[in-house]
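The values are calculated or read from the model by the stated rules, or taken from the named source; none is laboratory data. For clarity, every value in this text was computed on a predicted model and none was experimentally measured. Note: ideal-geometry Cβ built from the backbone for every residue, glycine included; neighbour counts use all protein chains shown.
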């Protein structure tokens, strides 16, 4: 019998500064060089994952009905970041995880390399060799203002480029 795990607090998100050498086997060193963004992202609209692939009509001459197959894959990259401010300067705190995450994605055209882990571990648990993950690469659009209630935050949407849905963390450089 399998082990079920509530999803609450279990999605770990790391934003990498550059494209990993091997998206199928991202190393611990690459992940540790990234920005831990799990506590900087709003849960309610986090939407990063595979989307329905394009369909391609592939009907043989002898077929009487429609026939199609799957073509190019698609993904969705949308999330909202909390903004944190420095106590003294009252400006964006670029030393916090939230500030670092926003700095990494705030300009239109910025390449985003996002890695997420969803399993029985908590999002605050460190990455370990052998962890399964999903990797998404996108190109950021301009950050959007969201409702003016609650904390100050910005929605990030990225144009999908590539993904790896079955990656496993490598302990050393591949």
Qualifying residues in the stretch 150-161 (those that are touching a helix residue (DSSP H, G or I) at 6+ places or on another chain (Cβ under 8 Å) and buried (at least 19 other Cβ atoms within 10 Å of the Cβ)) - the one farthest from residue 43 (Cα to Cα): 158
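Just one of 90, 121, 155 is in a loop (DSSP other than H, G, I, E, B) and either on the phi < 0 side of the Ramachandran plot or in contact with a strand residue (DSSP E or B) (Cβ under 6 Å, 6 or more places away or on another chain) (or both); which is it?
Result of the check over 90, 121, 155: 121.
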Residue satisfying condition, being exposed (fewer than 14 other Cβ atoms within 10 Å of the Cβ) and in contact (Cβ under 8 Å) with a residue 12 or more places away in the chain, within set 164, 111, 128, 118: 128
Hits in the stretch 45-64 - residues which are farther than 30 Å from residue 11 by Cα and part of a loop (DSSP other than H, G, I, E, B): 58, 59, 60, 61, 62, 63, 64
Residues (exposed (fewer than 14 other Cβ atoms within 10 Å of the Cβ) and either in contact (Cβ under 8 Å) with a residue 24 or more places away in the chain or in contact with a helix residue (DSSP H, G or I) (Cβ under 9 Å, 6 or more places away or on another chain) (or both)) located in the stretch 60-88: 74, 86
Members of the stretch 131-149 found to be outside any loop (DSSP other than H, G, I, E, B) and either crowded, with 19+ Cβ neighbours inside 10 Å or within 13 Å of the chain's Cα centre (by Cα) (or both), listed by number: 133, 134, 135, 136, 137, 138, 139, 140
Checklist (1) under 16 Å from residue 32 (Cα atoms); (2) surrounded by fewer than 11 Cβ atoms within 10 Å (Cβ to Cβ); (3) free of Cβ contacts under 8 Å to residues at least 24 places away in the same chain applied to residue 91, failing item: (1)
Of all residues in the stretch 67-82 being over 15 Å from the mean Cα position of the chain (by Cα) and assigned to a strand (DSSP E or B), the one that is farthest from residue 106 (Cα to Cα): 68
From the options 45, 57, residue that is in contact with a strand residue (DSSP E or B) (Cβ under 7 Å, 6 or more places away or on another chain), at pLDDT below 95 and exposed (fewer than 11 other Cβ atoms within 10 Å of the Cβ): 57
Residue under evaluation residue 72, criteria (1) touching a strand residue (DSSP E or B) at 6+ places or on another chain (Cβ under 6 Å); (2) within 26 Å of residue 19 (Cα to Cα), criterion not met: (1)
Identity of the residue in the stretch 94-108, touching a helix residue (DSSP H, G or I) at 6+ places or on another chain (Cβ under 7 Å) and crowded, with 22+ Cβ neighbours inside 10 Å, that ends up modelled with the lowest pLDDT: 98
